[in-house]
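The values are calculated or read from the model by the stated rules, or taken from the named source; none is laboratory data. These numbers come from a predicted model, not from an experiment. Note that each Cβ is placed from the backbone with ideal geometry, even for glycine, and that neighbours are counted across all protein chains shown.
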Amino acid sequence: MARRTEARTVASTSGMLFAPSRFIHGLLEALQGREPVPGRIIAATGPAHRFSVHGAEPAFTLLPNFVSAGFATMSIAFLRAALVLLKLAFPLALAARAGQPA
């Protein structure tokens, strides 16, 4: 049973740590505007927002333009963070209701 708890802790922690980077990834896509994507593999960071020559953050998309791809990525990142928080908070609330220590 302890391994299951440890795996859940690692998965939840990594989900919360990676959610902000996913959100920033989507924001940088959305900042590129309504121009159509050049193909299915895109550079999520536009030329104006790159910090280095190789900092393009490649991504795969099925959506037609950068704004829709960016908003979809930000929405998924937000929902993922919310689901992880709910998953962490719900067992604690049940334990508190039952009078058990968390």
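Values as computed for the structure displayed
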quantity: Number of positions in the range 1-51 that are touching a residue at least 40 places away in the same chain (Cβ under 8 Å) and among the aliphatic types (A, V, I, L, M); calculated: 5
quantity: Matching residues in the range 44-95 - criterion: being among the hydroxyl-bearing types (Ser, Thr, Tyr) and either modelled with pLDDT of 80 or more or closer than 14 Å to Ala30 by Cα (or both); calculated: Thr45, Thr61, Ser68, Thr73, Ser75
quantity: Any hit, the range 30-37, residues being within 17 Å of the chain's Cα centre (by Cα), assigned to a helix (DSSP H, G or I) and not polar (S, T, N, Q); calculated: yes
quantity: Number of positions in the range 6-29 that are over 19 Å from the mean Cα position of the chain (by Cα) and either among the acidic types (Asp, Glu) or within 19 Å of Ala59 (Cα to Cα) (or both); calculated: 1
quantity: Of residues in the range 28-55 being surrounded by fewer than 17 Cβ atoms within 10 Å (Cβ to Cβ) and among the hydrophobic types (A, V, I, L, M, F, W, C), the one farthest from Ile76 (Cα to Cα); calculated: Val53
quantity: Residue match in the range 12-19 (condition: of a type in the set (A, V, I, L, M) and either modelled with pLDDT of 80 or more or exposed (fewer than 10 other Cβ atoms within 10 Å of the Cβ) (or both)); calculated: yes
quantity: Residue list for the range 56-65, restricted to those being surrounded by fewer than 16 Cβ atoms within 10 Å (Cβ to Cβ) and outside any loop (DSSP other than H, G, I, E, B); calculated: Pro58, Phe60
